[in-house]
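Structure first, then comments.
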Amino acid sequence: MSDNINETNSKKGSGDTKMEKAIAQERTDAKKGSWILTAIAGVGAAIGLWAMVAMAVGLSRADWQVSEMFRQYMVAIGVIREFETMVDFYTHIKGIEYIIAVAFLGTFPVFFKYVNQTKATISE
């Protein structure tokens, strides 16, 4: 009787080894996938930590004033600049005024056409 059980187990075992190999391969693939996900999360955490430290250092150098840090950032990237004379300053403002005027004159006709549409009524 025990021989029959061993034979049955050995027959099942040959089929199970293919199944076990497939399961082992899936586990290996899952481990690789989780390792990659962990690596990506680690890089993201490092970048996030670096950004928070950079913000904290920037705020401490700007005497914890967010607006001053924002002004320094805008000066650094060239959005605003420090002017030597008032004439330079007002010339810069006038240039921005012209850009705003051109944008307004370009978008106003489109806006007016959209607002000035007649409403159609549906009658049965």
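The C-beta contact set for the stretch 63-80 (first residue under 18 Å from H92 (Cβ atoms), second residue β-branched (V, I, T) and not in a helix (DSSP H, G or I), distance under 6 angstrom, 6+ apart or interchain) comprises M74/I80. In the stretch 82-92, the qualifying residues are those that are exposed (fewer than 11 other Cβ atoms within 10 Å of the Cβ) and outside any helix (DSSP H, G or I), and the one that is modelled with the lowest pLDDT is E82.
Scanning the stretch 56-70 for residues that are surrounded by fewer than 12 Cβ atoms within 10 Å (Cβ to Cβ) and either assigned to a helix (DSSP H, G or I) or touching a Ser or Thr at 6+ places or on another chain (Cβ under 7 Å) (or both) yields A56, V57, S60, R61, V66, S67.
For the stretch 111-124, which residues satisfy the criterion of being more than 32 Å from the chain's Cα centre (by Cα) and part of a helix (DSSP H, G or I)? Result: F112, K113, Y114, V115.
The values are calculated or read from the model by the stated rules, or taken from the named source; none is laboratory data. Everything numeric in this text was worked out from a predicted model, so none of it was measured. Cβ atoms come from the backbone with ideal geometry, glycine included; neighbour counts cover every protein chain shown.
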